[in-house]
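For reference, the structure discussed in these notes is given below.
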Amino acid sequence: MRPLKTLLILLLTPVMLLCGCAPRYATLEEALQDGARIPRGVMIDGADVGGMTIDEAKTAMQKAHAQKQKATAFTVVSSNGRVVFDASALPIDWKREEALLEAVNLSALSFSQRELQCGMQLHGEGCRSKLEALCASLDVAAKDAVASYDDGKFSYTEASHGRKVDVAQLAKDVTAALKEGGEITAVVRETAPVYTTEQAKADTARLARFRTSFAGGTYGKANRVYNIKKAARAIDGYCIQPGEEFNMNDVLGARNGENGWRKATAIRYGVYVDEYGGGVCQVSTTLYNAVLLAELSVTERHHHSWPLGYVDIGQDATISTDGPNFRFVNDKDKPVYLSALVNEEEKTITVQIFGPKRTDGLSVKLRSQKVEHLDDPGSELVVDSSLAYGTLIVERESRSGSVSETHRLYYDAAGEMVARELVTRDKYRPLKGIIRVSPDQKQRALQKYDISQR
């Protein structure tokens, strides 16, 4: 019996080897180098690759997979609608090399048809970004609040929450349904606005309000009121960004007839004169006081030749074209906005400043007072032979001077003053009067006025 057993072993050994009891190739590269072909009767994902080389099989599989992706449809639904797409829109990784290696190692003596499947998966980050783009129509963007200024106050477009498809979860759901497709109910998350209504209101709180009157005397003249209104319109609604300097002369432009300004009473070199833009100093003065109350940094300010009637001493700010200017910087971390409104019925101009709300609970007031008197220097007499007989002109009246101090006062919520800060110390110099006369009026002038002469 032993010779017969040996003979059977010798006869069966080649058959066992041909039947592929162990893989012929460890890698697909080995099979490619050997020129291997896939045994007949092998199908991969419905593609007949029997008898093909590896490269031929790859091409056939790519075509089959493209058709399968095109035929696999998904419908993603949410409360905002639905989106339909097929798997060809997604970045899918097919594990073709593993299937080809398995196929090329199948036994060539197997007469039954073999059906193999490629593993597949969605391609990580690329899939999530693709799904986000495909389902963008299902998202509702959150809306930020918007603050809008008009006519001395702010109104607000309310912020609202949005809804966004949870793309990470959707990618998992699509992966689970990748072979057959179908309908998927999207998980939707609520999204918050970046800028809320509360933030918008806090950023546009009223920081300061100051009002002056132009009723009575030279202050109520029609051209002067016109110039005040024109200047107020120029700064009303003006926005100053953090770190930006506001320049009054730049904003108003040159005061002349060509720019639409009218002649009205103004103070120049210690006398009242009619000039283009007369009255704009009341706007700069009103703004100056609001700036002090809002605690913005003043970079340039000049007082008039003498204290004015519509503000306390030390609280005025004069400007002129190509001359004194009023400038200040927004040194807060948010924009500030100017409001300037003229009420012709009440004959007032009101300036408000809006910006980031105070967080210390304090309120601010201004207090100014005269701290020193400077004597009137009298007048000087100028005899001018070019003047007509009998002429006596008071070119400038003499004025006494004064020194004033302006303080900023801080009050807590109970109304108790908790701090006091010196803002400015202003010196209004005495003004010597000028009397100009024709020679025949000299003695009369000397008798009437206590004056020196030259």
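Across 379, 155, the residue with the most accessible area heads the list, and the full order at a 1.4 Å probe is 155, 379.
Modelled label positions at residue 25 and residue 183, each set 7 Å beyond Cα in the direction of Cβ, lie 4.6 nm from each other. Once you reduce segment 26-68 and segment 92-157 to the center of their Cα atoms, the two points are 27 Å from each other.
Using just the C-alpha positions of the chain as equal point scatterers, what log10 of I(q)/I(0) does the Debye formula give at each q in 0.06, 0.08 1/Å? Here log10 of I(q) over I(0) equals -0.57, -0.71. As I understand it, the dipole of the chain uses +1 on the Cβ of Lys and Arg and -1 on the Cβ of Asp and Glu, about the Cα centre. Which of 447, 79, 243 lies farthest toward its positive end? Selected residue: 447. How large is ³J(HN,Hα) for each residue in segment 291-305, as worked out from phi by the Karplus curve 6.51 cos²θ - 1.76 cosθ + 1.60 (θ = phi - 60°), to whole Hz, x for Gly and Pro? Each residue's phi maps through the Karplus curve to give 4, 4, 5, 7, 6, 8, 7, 7, 9, 7, 7, 10, 8, 6, 5 Hz. Note that segment 343-447 presents 57 Å² accessible area per residue, ligands and nucleic acids not counted, probe 1.4 Å. The orientation-averaged projection of the convex hull spanning the C-alpha atoms of segment 316-430 amounts to 13.4 square nanometres.
Between residue 384 and residue 447, the FRET efficiency from the beta-carbon distance, with R0 = 22 Å, is close to 0.75. A 1.4 Å probe, protein heavy atoms only, puts the accessible area of residue 302 near 70 Å².
Listed cross-link partners 370/442; 334/370; 153/229; 143/365; 153/263 are compared with a 28 Å cut-off, the Cα-Cα value being larger for 370/442; 334/370; 143/365; 153/263.
With all protein chains in place and ligands, DNA and RNA left out, the 1.4 Å accessible area ranks 262, 206, 327 as 206, 262, 327, largest first.
Maximal additional length on extending the residue 244-residue 409 stretch stands at 56.8 nm, based on 0.36 nm per residue less the C-alpha distance. Between residue 137 and residue 357, the FRET efficiency from the beta-carbon distance, with R0 = 45 Å, is close to 0.70. Surface exposure of segment 95-234, expressed per residue as accessible area with a 1.4 Å probe, stands at 57 Å².
Net charge in the neighbourhood of residue 24 (other residues with Cβ under 14 Å of its Cβ; Lys, Arg +1, Asp, Glu -1) is -3. Per residue, the average separation of C-alpha pairs within less than 8 Å and at least 6 apart gives segment 26-159 a relative contact order of 24 percent. Computed from phi, the 3J(HN,Hα) profile of segment 190-195 under the Karplus parametrisation 6.51, -1.76, 1.60 (θ = phi - 60°) reads 7, 10, 8, x, 6, 10 Hz, with x in place of Gly and Pro. Rounded to the nearest 20 debye, the dipole magnitude of the chain is 520 debye, with +1 charges on Lys and Arg beta carbons, -1 on Asp and Glu beta carbons, and the Cα centre as origin. Surface composition of segment 183-272: carbon plus sulfur atoms contribute 46% of the solvent-accessible area (1.4 Å probe, protein chains only, all chains present).
The values are calculated or read from the model by the stated rules, or taken from the named source; none is laboratory data. All values reported here derive from a predicted model rather than from experimental measurement. Glycine also receives a Cβ, built like all others from the backbone with ideal geometry; neighbour counts cover every protein chain displayed. Remember, those area values only see protein heavy atoms, side chains included, never the ligands or the DNA or RNA. Shrake-Rupley method; radii C 1.70, N 1.55, O 1.52, S 1.80 Å.
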